[in-house]
1. Evaluate the distance, in nm, between pseudo-label points positioned 7 Å from the Cα of Val102 and of Asn76 along their respective Cα→Cβ axes.
2. At what distance in angstrom do the alpha carbon centres of the stretch 70-84 and the stretch 97-111 lie from each other?
3. Please report the equivalent ellipsoid semi-axes of the chain, computed as sqrt(5 x eigenvalue) of the Cα gyration tensor, largest first, in whole Å.
4. If packing is taken as the average count of other Cβ atoms within 10 Å, what order do 76-88, 39-51 fall into, highest mean first?
5. Work out the length of the dipole vector of the stretch 1-108 about its Cα centre, built from +1 on the beta-carbon of each Lys and Arg and -1 on the beta-carbon of each Asp and Glu, and round it to the nearest 20 debye.
6. Tally Lys and Arg at +1 and Asp and Glu at -1 over the other residues with C-beta under 12 Å from the C-beta of Ser21: what net charge comes out?
7. How would you order 26-34, 60-68 from highest to lowest mean count of nearby Cβ atoms within 10 Å?
Amino acid sequence: QVQLVESGGGLVPPGGSLRLSCAASGFSVSTYVMSWYRQAPGKERELVATIVRTGGTTTYAESVKGRFTMSRDNANTVYLQMNSLKPEDTAVYYCSARRLGVTFWGQGTQVTVSS
């Protein structure tokens, strides 16, 4: 059974940092396309970062390039390191796993950037 569990969200002042984790079970993260999405109140869910299956190449939304870094480890977990956070980064962040046209989602973790 595929399961994704996000953690690491919270309240942080502008300019601060957070690291989100997504613990996967029931499959290997190296065999799926893993992504982070976010959804702010009243807005559509948007793609933040993706790491491909082979080679681990990452791509980022323009709004987070240079500030966010996505990675994965051998413990079947993917991460999103978020630096220089801005109020507009406030959203629920979701982890997803996609393969052969099927996408699985985690429950999300709230990130709030505010002074």
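Computed from the coordinates by the stated procedures, all read-outs in this text should not be read as laboratory data. Because the structure is predicted, anything quoted here is derived from the model rather than measured. Because the Cβ atoms are built from the backbone with ideal geometry, glycine has one as well, and the counts that use them run over all protein chains shown.
1. 1.6 nm
2. Rounded to whole Å, the Cα centres lie 15 Å apart.
3. Working: eigenvalues 105, 39, 33 Å².
After diagonalising the Cα gyration tensor, the semi-axes are 23, 14, 13 Å.
4. Working: 76-88: 17.4, 39-51: 14.0.
Going by the mean number of other Cβ atoms within 10 Å, highest first, we get 76-88, 39-51.
5. Numbers: 11 positive and 7 negative charges, 34 e Å.
With only Lys, Arg, Asp and Glu charged at Cβ, the dipole is about 160 debye.
6. Values: positive: Arg19, Arg72; negative: Glu6, Asp73.
Net local charge, Ser21 excluded: 0.
7. 26-34, 60-68
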